[in-house]
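The values are calculated or read from the model by the stated rules, or taken from the named source; none is laboratory data. Quick caveat: nothing in here was measured; it's all calculated off a predicted structure. With ideal geometry, Cβ positions are generated from the backbone for all residues, glycine too; neighbour counts draw on all protein chains shown. Heavy atoms of the whole protein, side chains included, go into the accessibility calculation; ligands, DNA and RNA do not. Shrake-Rupley method; radii C 1.70, N 1.55, O 1.52, S 1.80 Å.
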Amino acid sequence: MSNHTEIRWHGRGGQGAKTAALLLADVAFKTGQYVQGFPEYGPERMGAPITAYNRISEDKIRIHSNIYTPDYVVVVDETLLDSVDVTAGLKKDGAIIINTPKVYTVDARHISVKTLGKNFPNSPMLAAVVAVSNVMPRDTFIREMRASYQHKFAKKPEVIDGNMEALDLFYRKLQQMGI
């Protein structure tokens, strides 16, 4: 199938994951697209894990199976994260949407490639941990990281500068998000 989207839903019986998949299929169908929307569950009872699926395409859909490599995964109940591998098969450029009160994300790869020229995501990820956990003030963290980088990379000033730029870019992105 070209020009198609595959979505896998994870929820518990009675939470509406199946209904959401069917509603999405109905709405997409009304826009002229080809669709599939179906659940996968057995004799489970209310509250048991269920999976539902959507295929949405501008072309006819000739596949009739569960979705094993989704473009998107929707997790309706965050408690499933402990018992179901919701990311199984998720495409490399896919996305996951989780019903949870608090999630932090950072594209550390993008920041490190932009500032260091390579995928060394550890500095932005380290900044993320410090920002989320509040284990120390930002200014203290930046000052101490500069000292650590200067010690570790004394003969590689470009590495020091790149890592400090990565930290700065991370904090600028936080400000843009209002955090």
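Summary of computed values
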| quantity | calculated |
| --- | --- |
| Residue satisfying all of: in segment 102-121; hydrophobic (A, V, I, L, M, F, W, C) and assigned to a helix (DSSP H, G or I); nearest to the chain's Cα centre (by Cα) among these | Ala108 |
| Every residue from segment 145-164 that is open to solvent by less than 90 Å² (accessible area, probe 1.4 Å) and part of a helix (DSSP H, G or I) | Met145, Ala147, Ser148, Tyr149, Pro157, Val159, Ile160, Gly162, Asn163, Met164 |
| Residue pairs meeting the criteria (Cβ under 8 Å; at least 6 apart or on separate chains; first without any contact (Cβ under 8 Å) to a residue 40 or more places away in the chain, in segment 163-179; second surrounded by fewer than 10 Cβ atoms within 10 Å (Cβ to Cβ) and of a type in the set (Val, Ile, Thr)) | none |
| Odd one out for Phe170, checked against (1) open to solvent by less than 40 Å² (accessible area, probe 1.4 Å); (2) more than 14 Å from Tyr104 (Cβ to Cβ); (3) not basic (Lys, Arg) | (2) |
| Segment 108-119, residues that are in contact (Cβ under 8 Å) with a residue 24 or more places away in the chain and open to solvent by 40 Å² or more (accessible area, probe 1.4 Å) | Lys114, Leu116, Gly117 |
| Considering residues of segment 1-55 that are among the hydroxyl-bearing types (Ser, Thr, Tyr) and within 18 Å of Asn66 (Cα to Cα) only, the residue most open to solvent (accessible area, probe 1.4 Å) | Tyr41 |
| Qualifying positions in segment 56-83 - assigned to a loop (DSSP other than H, G, I, E, B) and buried (at least 20 other Cβ atoms within 10 Å of the Cβ) | Ile67, Pro70 |
